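Single-structure report; data block below.
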Amino acid sequence: MRKVTLEQIYTHPIALKYLGRSGQAHAISVAEKALIISEREQVDPDMAVKAALLHDIGHYEWYRDGKWDYDLYKQNDIHAIKGAARAHKLLIRLGEDPQAAKAISLAILLHTDSYLPEHNLKLDPLQQVVAEADTADEEAGGAHHYKTISQQEALKRIRKLDASIEKRMMRQVQTS
Ligand SMILES: [Fe+2]
Ligand SMILES: [Fe+2]
């Protein structure tokens, strides 16, 4: 049984605030991709989708003169670190299992290596699913962060993800 649903996470004011910064459409699209990839890789769908939904919530807004400044961003960004900590706090507050919260938080920490001096991370399967789903949704010039989605459509897709995860977890219980 899942302790926390995606809908609970998505509708929390902290998630709504920070998901908007890097784009809800990107977050939800990466979550949907993570669900599919997690099935192929036999990874826990609940943790994969939660990490994917929250993977970019650590973004800061690097604006200069009203426009996003990529040089400033590249020099100063630590969104994976910030996101891992933010997601962990939110998940624990909602009552997530502490071990799952840690695994989800680590997958967020390692979804990109752009902020690290060395680029040779060894990822575990959960972390790989999240990184692959994120890369699959990327568009040139960071356009994936600017895609928009209505709140209503977002919630509909979040609920559909919740239902799919529950169905898959039920299937696993029945076959084990
Ligand atoms: Fe990211
Ligand atoms: Fe991303």
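All of the numbers you see were taken from the coordinates with simple rules; none came from a lab. As the structure is a computational prediction, the values presented were derived from the model and not from experiment. Heads up, the Cβs are rebuilt from the backbone with ideal geometry, glycines too, and the neighbour counts pull from every protein chain shown.
Sorted fewest first by neighbouring Cβ atoms within 10 angstrom, Tyr115, Tyr10 come out as Tyr115, Tyr10. Residues Ser38, Ser29, arranged from fewest to most other Cβ atoms within 10 angstrom of their Cβ, appear as Ser29, Ser38. When exposed loop sites are taken as GluC sites (Glu not before Pro) in a DSSP loop with at most 15 other Cβ atoms within 10 Å, the longest stretch of the chain clear of them is 62-117. Note on Ala143 and Met170: their simple-model spin labels are 3.9 nm apart, each label 7 Å out from Cα toward Cβ.
Going from the residue with the fewest nearby Cβ atoms within 10 Å to the one with the most, Asp71, Asp56 rank Asp71, Asp56. Of all lysines in the structure, the ones whose alpha carbon falls short of 16 Å from that of Lys160, not counting any fewer than 8 places away in one chain, are Lys33, Lys50.
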